[in-house]
Amino acid sequence: MAPDREPEARSTTEGGPSETNAEAGPAKSAARAREGSGGAAPRKEPASSGGTGEIPSFDVTMRLRRYNPEQDSEPHWEDYTVRMHGTDRVLDALHKVKAEIDGTLTFRRSCAHGVCGSDAVRINGRNRLACKTLLKDLNLSKPVVVEPIKGLPIEKDLVVDMEPFFAAYREVMPFLITTGAEPTRERIQSQPDRERFDDTTKCILCAACTSSCPVFWTDGQYFGPAAIVNAHRFIFDSRDAGSDLRLEVLNDKEGVWRCRTTFNCSEACPRGIQITKAIAEVKQALIARKL
Amino acid sequence: MSTPTETPGPGSYAPALETPHSPYRRSKATRSNWELYGWLFMRMSGVLLLVLVFGHLWVNMVSGDGINQVDWGFVAGKWSSPFWQTWDVLMLWLAQLHGTNGVRTIINDYAERDATRFWLKMALYAATAVVLVLGSLVVFTFDPCADPSSTLEACRTRS
Amino acid sequence: MASLTPTAKAAPKKPVGTLYRGREGMWSWVFHRITGVAIFFFLFVHVLDTATVRISPEAYNAVIGQYKNPVMGLGEAGLVGAVVFHALNGIRIILVDFWSKGTQHQRKLFWGVIALWTVLMVPFLVRHLSIVFGH
Amino acid sequence: MQTHRYDVVIVGAGGAGMRAALEAGQRARTAVLTKLYPTRSHTGAAQGGMCAALANVEDDNWEWHTFDTVKGGDYLVDQDAAEVMCKEAIDAVLDLEKMGLPFNRTPEGRIDQRRFGGHTRNHGEAAVRRSCFAADRTGHMILQTLYQQCVKHEVEFFNEFYVLDLLLVDAADARTGREIEGLQVERPEGGSGGADGSAGGPVGGVPAGKRVAGVVAYELATGEIHVFQAKSVVFATGGAGKVYKTTSNAHTLTGDGMGIAYRRGLPLEDMEFFQFHPTGLAGLGILLSEAARGEGGILRNADGERFMERYAPTIKDLAPRDIVARSMANEVREGRGAGPNKDYVLLDLTHLEPAHIDAKLPDITEFARTYLGVEPYTEPVPVYPTAHYAMGGVPTNVDAEVLSDNTTVVPGLYAAGEVACVSVHGSNRLGTNSLLDINVFGKRAGIAAAEYANRADWVALPEAPEAETVEMLESIRNRPAGERYSAIRTALQETMDANAQVFRTEGTLKQALSDIDRLKERYSRVSVQDKGKRYNTDLLEAVEVGFLLDLAEVIVLGALERKESRGGHFREDYPHRDDVNFMRHTMVYRERGADGTLVNRLDFKPVVQTRYQPMERKY
Ligand SMILES: Cc1cc2nc3c(=O)[nH]c(=O)nc-3n(C[C@H](O)[C@H](O)[C@H](O)COP(=O)(O)OP(=O)(O)OC[C@H]3O[C@@H](n4cnc5c(N)ncnc54)[C@H](O)[C@@H]3O)c2cc1C
Ligand code: HEM
Ligand code: SF4
Ligand code: F3S
Ligand code: FES
């Protein structure tokens, strides 16, 4: 039985908004990109004095990359138009499509305010959390293009297989390693020592960074920025004694040296972590230790 | 949209689907400092190359008559001096090794299969060897007086 | 659309989608990579053509003469443009790697590279192209 | 279908689940089943902190903490449990520090502490600095640290596995033994799926003398059913905030664990007590931690008045949440609300140094900027109470053993965290006491479950253990067309917000009850559009709505019955606390009545009082 949808609410666009760019990486299509990169330049709204009453409703066309492994041989694009409200986020629009137009639309989400890391997707070509991207900040004269993050196997619609991502995370030994006897009270750590690794403790493992990295896209073997961030969090923790082990892992040929400082990760991180800086610090620590 | 295949009833629940999770594999871990040295070399050679290449471009293409001044005699003039010989050989080696390491990175990035990777890199290294040997030989075995009409200082004393 | 049984699917597990809209950092890397490879291939050819100096002055002059037509002149201009960009951006990368504020200012550094590149290329092109087309 | 066998199965990988897993995993073969990747659990959203009388910055002790907990809970707290929690709090914090949690530090390098609502020195004298924190990401750091430890100890996770049923067998019939292959236990009559489309109900009342045999789970990726046989099961499935529309809770907090237990005939305790957190972003419900007020933030009405001075003269903005939330709602009701619709009040941080805000409250100020476009340095932030925390849940004793009535333990079944009701929160949880609860009772549950597993025998699985779950799923999936669960969910949330929120009366509650009745009837015809197997979130959301309906009904029933005002439960028609009639816990059971239909039975449980006699609650 075919799902009972309202057929007029959608139209199928073949081919999609811009040509696919599979593995080519941006290098092959640099020129193409510049012309095709219209879309949503974040529009700065003057800070309204809060409140939700005065912001009007508007229609939004969502262009979603759909793929149902049980029916489709390959992903395709579909458009849905929904009526949304001023403070709504892309996640609200996805919910609305699922609730009112097509229940088969599949995506992950949980907290809905940017702290759980479930809903990293590509919105208008950039990795974002759907729940942290306000519709009013997008250019709504064009469809809002939402597709799965890149470089991880697509499972269904916007859902990707996170296993490779977490496997890389596990490989960097992301846990405190200590030596000697446990103290009875807390370990002492000075405020500057605590501050040293504060930035990288913010990571929510959303994979927005790793899946924005052109090097990760190539063969998926690169550990990726998220794993390095989580190694950094411990390497620079004064209480930790396992830095050498972790640095050794990141000295691997798939480790930090593969980073080409493209900054996509830093731009994508919803937690504002200075990822490229963290990677640079790890590189420097490695050099200091090896030379 | 077509109908999904059979919806299983109670009892005979969903037949096991092929697991949708792709097995995660990382090619064997490497424990050497090779990538670290390569990375450092790119930076150090880069800084030196900046001087060498810009000097080279200035002398050959900007100062004097620009590109039009370059002919055999111009080259002979330069290479009669050990300073330019050293300059050019150093530049040749650094640029070639820098470029080779850079292209090696790119092959590693984009070649999909191990075999492709291997053969591309072999070709790269072979080309590098040819360029380095040939280039060095040319600079060092070059005889600036090969042209009998040469007016170079060095040739006059010799003849 | 053809109905596929779940097991028979030849599903595209490969990542597909639109072009990623990276910013300065990504594009600087794209250009760095393209220029790096271009220079690499030029270097290869350049060593071979220079090697003809060992054959005879005539042979070398014949080869180098090829460089002296307007089309090659334009190519040379492009090559110099590539080398200058690659070199300047290389310095940017090194600053990002080693200067503690490099990552913070990477975008400004990129625009600095573009500015410096323009400053260097404009006089060079004026001179070079007037020589190439002047004769 | 696949069958697995583990000594201990832990359901849920939030703070409570992973804390339990760390203990159980080192003692017995343990599996953790979670419908989300562990780091997606809502513990990660907790901001403010975790209290423990470390006395790192000022004089403090666990008895004062106990008193505050008891008083904060309006004396409905079981005081033996509160004592356990407050005593073990200190070790719970130190354990986390040793696992690597990056707490903020004092200048001497020790764990820093700050003030939090309702936490006082010497029985209410003045606010005390008791909350240990990591900026305003304490929950995030707890969740990450516990997950890191789980990675270290190689805990086995089954990610995106939805547990949908609990397998209980009659202890009398349960044939156990080391060798159970081929042995089958008779399943009692009548346990088939309810006509209302929900999972099979219990059979003829309280399952006295029940034992745990395992759980049934649905694998999201494949749609496959997995039966996990286990000697002990720990429920740590978190809260149920999604019964309300305005909530700080995640979309996935649908009270599955409570719902499953309830459908299996286990009671739910004190469900009418739901905490409304004062400072949710107006209109959105996203939480701004109490830490904002702990750091000096002030609530103001439209006239700029610091209205909490009127309601709680001593500790003002740091009064317990129920009081602050009610005060705010009252300001709005009496026309002193701010904004175009006068429907919120303002949280003022503008007198704080921006640097201080950045150091202590970076994330929540970011929320205000992102979601409301308000700059907290210079503008007050619109806030309104948001449904936040379920004080009630599956009743347990201090060893985290689940009770099937007021006293009987279900051997092998444990619960910890928000899903459970020990009851350390009574009628109103103090801020920071939940992160504490999940650590203390998570640990206790893990140890107890493993120890039980190590001494108990296997219980044979019932025949066709998955049958009821499959029937429930297939009846929804195969129904060609019908009600959309999303519409039902919206209607439910709206009636709960309108009728069972901060202020309640008999009238509104009856309205809610009849709405829920109608929605349940609609739910019996629910169908989904996604008929597939892989990642069928459509199907599972429909199932979750079923749990929400059941829980909403229990909440409203309890609230109707409790004709008094206490803690998080405020009846306008009975605005005072009534210790004579209601100093007792509510227990709601679902049973099959004489005519075979499912009915709810209300019962009560005495409150354990050790050293603190009820007093009027004044701040
Ligand atoms: C915004 C916010 C801020 C808060 N701030 C504080 C604070 O500052 N201090 C404080 O003490 N408390 C705070 N709390 C309360 C506290 O965070 C929660 O009560 C606590 O984290 C609950 O933890 P838990 O382990 O019980 O559940 P959760 O962390 O919610 O975890 C539930 C787990 O159960 C799993 N699960 C659920 N259903 C199923 C199922 N059917 N099958 C399989 N798995 C399932 C989920 O996947 C998840 O892993 C806050 C709460 C919120 C919402
Ligand atoms: C003129 C001065 C030069 C400087 C300052 C310079 C600098 C650099 C640096 C720092 C890198 C490393 C980039 C990274 O790790 O992300 C690099 C890469 C590279 N360079 Fe150069 N370089 C110079 C000249 C050359 C020359 C002459 C060639 C060609 C023979 C060349 C070819 C390459 C290549 C192919 C790469 C790899 C690009 C990539 O991995 O994306 N470079 N260069
Ligand atoms: S570093 Fe940032 S982008 Fe990357 S996983 Fe962590 S939070 Fe997400
Ligand atoms: S995107 Fe990738 S290349 Fe480096 S700077 Fe970030 S890891
Ligand atoms: S839903 Fe949690 S990060 Fe977006």
### Task
Answer yes or no: is there a residue in segment C:84-95 that is at the interface with another protein chain (Cβ under 9 Å from one of its Cβ atoms) and small (Gly, Ala, Ser).
yes
### Query
From the residues in segment D:245-264 that are over 17 Å from D:Gln275 (Cα atoms) and aliphatic (A, V, I, L, M), which one is nearest to the other protein chains (Cβ to nearest Cβ)?
D:Ile260
### Task
Give just the number: which of (1) within 13 Å of chain D (Cβ to nearest Cβ); (2) hydrophobic (A, V, I, L, M, F, W, C); (3) out of contact with any Cys (no Cβ under 7 Å at 6 or more places or on another chain) does A:Leu138 not satisfy?
(1)
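Conditions tested, residue by residue: (1) of a type in the set (D, E, K, R); (2) more than 8 Å from chain D (Cβ to nearest Cβ); (3) within 16 Å of ligand 4 (Cβ to nearest atom); (4) open to solvent by 10 Å² or more (accessible area, probe 1.4 Å).
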| position | (1), (2), (3), (4) |
| --- | --- |
| A:Lys96 | yes, yes, no, yes |
| A:Thr106 | no, no, no, no |
| A:Ser110 | no, no, no, no |
| A:Val115 | no, no, no, yes |
| A:Arg122 | yes, yes, yes, no |
| A:Lys132 | yes, no, no, yes |
| A:Val146 | no, yes, no, no |
| A:Ile154 | no, yes, no, no |
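How many residues, within segment A:163-184, are in a loop (DSSP other than H, G, I, E, B), open to solvent by less than 10 Å² (accessible area, probe 1.4 Å) and at the interface with chain D (Cβ under 9 Å from one of its Cβ atoms)?
Qualifying residue count for the region: 2.
Being away from chain A (no Cβ under 14 Å) and either within 21 Å of D:Leu164 (Cα to Cα) or open to solvent by 30 Å² or more (accessible area, probe 1.4 Å) (or both) is true for just one of D:Lys510, D:Lys533. Which residue is that?
D:Lys510
Here's the yes/no breakdown for (1) of a type outside the set (Phe, Trp, Tyr); (2) under 24 Å from the mean Cα position of the chain (by Cα):
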| site | (1), (2) |
| --- | --- |
| D:Glu564 | yes, yes |
| D:Arg571 | yes, yes |
| D:Tyr574 | no, no |
| D:Val580 | yes, no |
| D:His585 | yes, yes |
| D:Asp595 | yes, no |
| D:Val607 | yes, yes |
| D:Arg611 | yes, no |
| D:Pro614 | yes, no |
### Task
For residues that are polar (S, T, N, Q) and modelled with pLDDT of 90 or more, scanning just segment B:30-57, find the one that is most open to solvent (accessible area, probe 1.4 Å).
B:Asn33
### Query
When A:Lys142 is evaluated against the numbered criteria (1) in a loop (DSSP other than H, G, I, E, B); (2) crowded, with 20+ Cβ neighbours inside 10 Å, which criterion, by number, is the only one it fails?
(2)
### Search result, residues across segment A:262-291 that are within 17 Å of B:Gly38 (Cβ to Cβ), open to solvent by less than 10 Å² (accessible area, probe 1.4 Å) and of a type outside the set (A, V, I, L, M)
A:Lys283
### Query
Restricting segment B:58-73 to residues that are surrounded by 18 or more Cβ atoms within 10 Å (Cβ to Cβ) and hydrophobic (A, V, I, L, M, F, W, C), which is modelled with the highest pLDDT?
B:Trp72
### Single residue of D:Gly117, D:Gly205, D:Gly197 found to be touching a Gly at 6+ places or on another chain (Cβ under 6 Å) and at pLDDT below 90
D:Gly117
## Note on the structure
By residue number, the members of segment A:185-205 that are crowded, with 18+ Cβ neighbours inside 10 Å, more than 18 Å from A:Phe236 (Cβ to Cβ) and away from ligand 1 (no atom under 16 Å from the Cβ) are A:Glu186
#### Entry: Filter pass, A:Cys209 being within 16 Å of ligand 5 (Cβ to nearest atom), open to solvent by 10 Å² or more (accessible area, probe 1.4 Å), farther than 16 Å from A:Val160 by Cα and more than 14 Å from chain B (Cβ to nearest Cβ)
no
## Note on the structure
Of D:Ala467, D:Ala498, D:Ala559, the only residue that is open to solvent by less than 10 Å² (accessible area, probe 1.4 Å) and more than 14 Å from chain A (Cβ to nearest Cβ) is D:Ala559
### Message
Residue under question is D:Thr610, and the condition is that it be more than 25 Å from D:Gly507 (Cβ to Cβ), of a type in the set (Val, Ile, Thr), open to solvent by 10 Å² or more (accessible area, probe 1.4 Å) and within 14 Å of another protein chain (Cβ to nearest Cβ); does it hold?
### Response
no
#### Entry: Criterion (part of a helix (DSSP H, G or I) and within 14 Å of another protein chain (Cβ to nearest Cβ)) met by exactly one of D:Leu473, D:Leu436
D:Leu473
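The values are calculated or read from the model by the stated rules, or taken from the named source; none is laboratory data. From a predicted model like this one, the values you see are computed outputs, not experimental measurements. Don't worry about glycine lacking a Cβ; one is built from the backbone with ideal geometry, like all the others, and counts go over all protein chains shown. With ligands, DNA and RNA removed, areas are computed over all heavy atoms of the protein, side chains included. Shrake-Rupley method; radii C 1.70, N 1.55, O 1.52, S 1.80 Å.
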